[in-house]
Amino acid sequence: MNISKGSHQMQLNGKVAIVTGSGQGLGRSYALALAAAGAKVVVNDVDETQAKQVAAEIADAGGTAVAEPVAVGTSEAAQQLVSRAVDEFGRLDVMVTNAGILRDKVLWNMSDDDFDAVIHVHLRGTFTCAREAMKHFREAGEGGRLVLAGSPAGQRGNFGQTNYAAAKAGIAAMARTWAMECAKAGVTVNAVVPNAATVMTETIPFLAPYVEAMKAGEPIPSVVRRAASFGPPEDVAGLVVFLASEASGHITGQCIGIGGDRISLWSHPTEIRSAFLDGGWSADAIAEAFDSSVGESLETYGIPLPKIPTTQREGA
Ligand SMILES: NC(=O)c1ccc[n+]([C@@H]2O[C@H](COP(=O)([O-])OP(=O)(O)OC[C@H]3O[C@@H](n4cnc5c(N)ncnc54)[C@H](O)[C@@H]3O)[C@@H](O)[C@H]2O)c1
């Protein structure tokens, strides 16, 4: 489908947003885009220098931002972020829980520390920051926006990412749960499922050549932007601005994919087939009937590699 880029500038004037992990990568692009749309932004990162740099970049571009460096994951960090927004700017409208780390290993090599570190930042970081924001939204009574960070790994599973896939699947599950719980307060909850060239993705072998080319100032070919849904972080930021805005008030509980030239809607898990046996299913009955009933529809898993034609057709 071909759609115009949109003629009117989305406005977030008067809104206040927190973006966790916004010292670089996707978070940085979200903070810059939210500020460019008029929001005042609390730039959080565990890396103080980077958080301050992004806040300064926003100020240089005529926007308003403060840096609040802290490692998200604890309740105290979440309280610190919401307090900073309210103390500095008098309100909070949008919480973007973007901070993340990777500790990839196959199951049998993954240590307790590898597992806990990733769960702590992604799952607990999302939970604690969203909870603190929601407490504020309920008190203020003016609605709000929770924008979470999902991942294709959480939707499909991914080799070597036990901890990360579990955290991201948990975040998608929290988005669905919180969409129900937060609706009455006028708060929407959605997960962005991004794809972009960042420090996190530059080591993926299949994407590495495109990241290198991009760093050298070359554009990512159109066919890659479509088939692999892959481009710079700025391609993802429009979705975060949209989800932060009044225009998306009717959208909640969704996982929305974006990257390069593509936006997509992810399905939620649902029962796809069922069979019945009076009195219930014994192991023997299942063994007899499985392959010819529900087992005829076994699901695929893992992230499929995109098919990119070797000859890259411009505009394809
Ligand atoms: N890049 C992609 O294609 C992609 C794909 C799927 C999901 N994501 C998700 O998007 C988010 C951003 O990813 P990215 O690619 O920009 O990664 P990145 O590594 O470039 O940036 C992550 C940022 O989070 C910060 N951070 C790490 N731990 C933190 C903590 N405890 N508290 C505060 N800040 C912390 C880092 O310092 C860094 O600045 C992550 O949640 C990631 O899982 C990214």
| query | Is at least one residue of the range 147-161 in a helix (DSSP H, G or I), open to solvent by 20 Å² or more (accessible area, probe 1.4 Å), out of contact with any strand residue (DSSP E or B) (no Cβ under 7 Å at 6 or more places or on another chain) and more than 12 Å from the ligand (Cβ to nearest atom)? | reply | no
| request: Go through the range 73-99 residue by residue and tally those that are outside any strand (DSSP E or B) and either open to solvent by 10 Å² or more (accessible area, probe 1.4 Å) or away from the ligand (no atom under 13 Å from the Cβ) (or both). | output: 18
| Consider V224 against the criteria (1) over 27 Å from G38 (Cα atoms); (2) out of contact with any Pro (no Cβ under 7 Å at 6 or more places or on another chain); (3) within 14 Å of the ligand (Cβ to nearest atom); (4) free of Cβ contacts under 8 Å to residues at least 60 places away in the same chain: it satisfies all of them except one. Which criterion is unmet? | (4)
| Lone unmet requirement of (1) closer than 20 Å to T198 by Cα; (2) open to solvent by 20 Å² or more (accessible area, probe 1.4 Å) for H122 | (2)
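Every residue, every condition in (1) more than 10 Å from the ligand (Cβ to nearest atom); (2) free of Cβ contacts under 8 Å to residues at least 24 places away in the same chain; (3) surrounded by fewer than 23 Cβ atoms within 10 Å (Cβ to Cβ), yes or no:
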residue: T203; (1), (2), (3): yes, yes, yes
residue: E218; (1), (2), (3): yes, yes, yes
residue: F230; (1), (2), (3): no, no, no
residue: E234; (1), (2), (3): yes, no, yes
residue: A237; (1), (2), (3): yes, no, no
residue: L243; (1), (2), (3): yes, no, no
| task | From the list V193, V189, pick out the single residue that is among the β-branched types (V, I, T), away from the ligand (no atom under 14 Å from the Cβ), under 15 Å from V96 (Cβ atoms) and not in a loop (DSSP other than H, G, I, E, B). | result | V189
| query | Looking at (1) open to solvent by 60 Å² or more (accessible area, probe 1.4 Å); (2) touching a helix residue (DSSP H, G or I) at 6+ places or on another chain (Cβ under 6 Å), can you tell me which one A191 breaks? | reply | (1)
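The values are calculated or read from the model by the stated rules, or taken from the named source; none is laboratory data. Keep in mind the model is a prediction, meaning the values are calculated, not measured. All Cβ positions, glycine included, derive from the backbone under ideal geometry; neighbour counts span all protein chains shown. Heads up: the accessible areas ignore ligands, DNA and RNA and are worked out on the full protein's heavy atoms, side chains in. Shrake-Rupley method; radii C 1.70, N 1.55, O 1.52, S 1.80 Å.
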